[in-house]
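Remarks on the structure that follows.
The values are calculated or read from the model by the stated rules, or taken from the named source; none is laboratory data. In this text the structure is predicted, and so the values were computed from the model without any measurement. In this analysis, Cβ positions are derived from the backbone assuming ideal geometry, glycine residues included, and neighbour counts consider all displayed protein chains.
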Amino acid sequence: TPQTVKDLERLFGKEVAFLVDGVTKLSKINFSSRQEREAENFRKMLVAMSRDIRVLLVKLCDRVDNMRTLEFMKPDSQERIARETTEIFAPLAGRLGIHRFKTELEDLSFRYLEPDAFQNLARLMGETKPARDQFTREMCDLLRKQLHDHGFAGDVSGRTKHLYSIQRQMLQLHVDFDQLRDLVAFRVVMESVADCYGVMGAIHSRYTPVPGRIKDYIALPKPNMYQSLHTTVIGPRRERVEVQIRTKDMDRVADEGIAAHWVYKERISGGADPKLVQRFAWLRDLMEFQRDIQDAAEFLDSIKVDLFQDEVYAFTPKGDVRVFPRGATAIDFAYAIHTEIGHHSSGTRVNGTVASLRHKLRNGDVIEMLTSPDQRPKKDWLEFAATSRARNRIRAYLRNDERERSLKLGRELLEKELHDHGISLQRFMKDEAELRRALEAFEVPSIQDLFVSVGYGKVAPASVTRTLTRASEDDDEPKPAASLREGRIEHFVRRITGRDAQGLKVSEIDDILVRYARCCNPLPGDEIVGFITRGRGITVHRRDCTKAFEADPDRRISVIWDSRVKANRSVQLKVLTANRPGVLASMGQAFSEQDINLSAVSSRAVEDGRSINIFTFPCSDLTQLKVVMRALRKVQGVYSVERV
């Protein structure tokens, strides 16, 4: 609409204007994709929500109204809006405890996302409604009688589960509709908490409870403030019956969520009980994520992961309860306590027993994190970290670490390349005109960013050299400006320290910026050469590798092994032998005598009574490999041994 926020302030006041602006989509900005637009609109709502959570309540009401009139939209718009509702707004309603919004949004989305399944399930529910209503009346009467016999007075009712939850249950259990037995949930509303526990005992005295299906959300409320006792019993006709027992206040919160607790204060926007706001820790986490994550896809994925979750309750050694999504691991627990504890976690004790960081949390686990000052986050932690908080902290650390490594590596590569062409890196960094020209040529804001680009392989060192050299009128050969040329003292120092002859030192293990080519599996002791790979740092090949010379010569760099290297890299040997009994066993003995544990062995017969055998094993360096090859050549029946 043409109306502005100022127009709303004039007509309705600042408070109403703020709430409306918080749920208004960004329309005057051009985004590169629909996903980016969705992310930024949601980000804007989060910022407004941090000041007044009623922004979110208004947005949910708006979304419910939109979904009720979705039939008038085009099919592609229906699917897009319904999917967004299922993935974000229905879970948001659930996290705020507003059950009636959540169920309506889920059912309306289900109707447009899976119309055939929706119509089929609606038809089946309609056909079975008379029998289900009859069972509901009978069970309510039996529960009322049981309460009366034990001296309790409470409201008993039964409600049919909504269509989307039934569909999801069928998919999770891999069953058909006629195999479902608990389509109705029964609710008992009492006056006091003590009566709730008493009623549960009364019901269990008549009906057998199903083991593992008793849940106490009164003692351990859900993050959305939901409180209730849940039990599943074997009722009449041997049917499973789910019963929820709670007080009147709990029943109101179960239906209305945070809205039931809202305290409107005169002339104070967003007047909520501070203790209530503290209960919604996940809202604070969402605010942290929107500040930390710039990528639109990553931001929306984090939101969806954190909203779609069943809870698991774990405890600190001091007895403090922490709530996690089902599937969370010990590393998620560590980052929930503190980022530094997560960064330095080396293991955990679960209920007093040492376990790995991959341990999946279970209800009631007491978790104690073990830390080490030398431990750092690893990329494979992302494979088992489940919460957005943990994943984002790990990614942030890895990104920063990658940048630091890129900067160090890039500086070393560029310094060597410039030196080879008589250019001093120090003089280049101090020459403002030449530095500005180079930064503009490679579209980077600073010399540090240029180092990072070189280290990460986005910029070849040779291209920087070409930018800094130019041909003169007297000489066609490009040369650097006089102000950049290396001085005699600097050149002398490089020769004395040996930095002239040495290449870049590489260590034994793959990391973010230095990788070892799988085509030739270089070992310490091999003559090696490095290639700067775009976006991946340096790839190290054996100097005699055929693939090494297929790369751009400009990206070839000199590398040497670090003298402190202690590798344990996987290598393969191809052994041609006679195809007769005992040869394979003799070769295995040769490996055993060298204290080598084989990782894999493959053998196949070929013509002329021969056999080709491939052995894969870890090897420390070229010296050990040569010893193994000599031992294999001495085995009777072995014709040739060669490295793959």
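Points to keep in mind about this one:
- Qualifying positions in region 170-195 - in a helix (DSSP H, G or I) and either outside the structural domain of residue 254 (by TED's automatic domain parsing) or at pLDDT 85 or above (or both): 170, 171, 177, 193, 194, 195
- Filtered by the rule that a residue be in a loop (DSSP other than H, G, I, E, B) and either closer than 16 Å to residue 94 by Cβ or at pLDDT below 90 (or both), region 303-352 gives 308, 309, 310, 316, 317, 318, 319, 320, 326, 327, 351, 352.
- Sole exception among (1) of a type outside the set (Lys, Arg); (2) outside any helix (DSSP H, G or I); (3) at pLDDT 90 or above for residue 97, by number: (3)
- Filter result for residue 2 (modelled with pLDDT of 80 or more and more than 14 Å from residue 108 (Cβ to Cβ)): no
- Between 185, 202, the distinction of being out of contact with any helix residue (DSSP H, G or I) (no Cβ under 9 Å at 6 or more places or on another chain) and free of Cβ contacts under 8 Å to residues at least 60 places away in the same chain belongs to 185 only.
- Candidate set: region 596-624, residues that are crowded, with 18+ Cβ neighbours inside 10 Å and at pLDDT 90 or above; chosen: the one farthest from residue 522 (Cα to Cα): 611
- From the list 451, 428, 442, the lone residue that is farther than 30 Å from residue 334 by Cα, touching a Lys or Arg at 6+ places or on another chain (Cβ under 6 Å) and surrounded by 15 or more Cβ atoms within 10 Å (Cβ to Cβ) is 451.
- Selection status of residue 372, surrounded by fewer than 20 Cβ atoms within 10 Å (Cβ to Cβ) and touching a His at 6+ places or on another chain (Cβ under 7 Å): yes
- Taken residue by residue, region 138-146 has at least one member that is farther than 18 Å from residue 90 by Cα, in a helix (DSSP H, G or I) and free of Cβ contacts under 8 Å to residues at least 12 places away in the same chain.
- Boolean, residue 608 is without any contact (Cβ under 8 Å) to a residue 12 or more places away in the chain, in a helix (DSSP H, G or I) and at positive phi: yes
- Among the criteria (1) within 21 Å of residue 408 (Cα to Cα); (2) modelled with pLDDT of 85 or more, the one residue 441 does not fulfil is (1).
- Residue in region 583-595 that is more than 46 Å from the chain's Cα centre (by Cα) and not aliphatic (A, V, I, L, M) present: yes
- Test for residue 168: is it of a type outside the set (Ser, Thr, Tyr) and without any contact (Cβ under 8 Å) to a residue 40 or more places away in the chain: yes
- Of residues in region 227-246 being part of a loop (DSSP other than H, G, I, E, B) and touching a strand residue (DSSP E or B) at 6+ places or on another chain (Cβ under 9 Å), the one nearest to residue 199 (Cα to Cα): 228
- Some residue of region 99-107 being surrounded by fewer than 20 Cβ atoms within 10 Å (Cβ to Cβ), of a type in the set (Asp, Glu) and over 16 Å from residue 163 (Cβ atoms): no
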